[in-house]
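Here's the structure we're looking at; comments come further down.
Each value in this text was obtained by applying a stated rule to the coordinates, not by laboratory testing. Because the structure is predicted, anything quoted here is derived from the model rather than measured. Don't worry about glycine lacking a Cβ; one is built from the backbone with ideal geometry, like all the others, and counts go over all protein chains shown.
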Amino acid sequence: MMTAARTHALSRRFASVWMLALLCLVVFAGPVQAHAALTETSPGFDEVVDEQPKRVVANFSEPVEINFGVLRVFDSSGERVDTDDSDHVEGDSATSAAFCCLRAPFSS
């Protein structure tokens, strides 16, 4: 039969173990990302090209959902120049690379 003091000691020990576990989770947990980050583009950021590219390719830190208009391309005057047909590179929805085609020709 357990006494009240022994029950209280076990409860404190149990609470201490849970607090230690929670502290470990907080201290050793990695960062959580809510959205994919843009990691690379082709043409590159601020790259000047001699000829208008047929498409822009963007690589992300994780797979992206195309249905929400992942890519929009604008010229130097702020006009949209893509054809609104973003898709995954190679048609693979598990890839983190997406592209969109550009209207031709457009002025910059």
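Data for the structure
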| quantity | calculated |
| --- | --- |
| Summed side-chain charge close to Glu40 - residues other than Glu40 whose Cβ falls under 14 Å, Lys, Arg +1, Asp, Glu -1 | -3 |
| Stretchable slack from Thr7 to Leu22, in nm (0.36 nm times residue separation minus alpha-carbon distance) | 3.1 nm |
| Neighbour net charge for Arg80 - beta-carbon separation under 14 angstrom, K R +1, D E -1 | -3 |
| Fewest-first ranking of Val48, Val57, Val64, using other Cβ atoms within 10 Å as the exposure measure | Val48, Val57, Val64 |
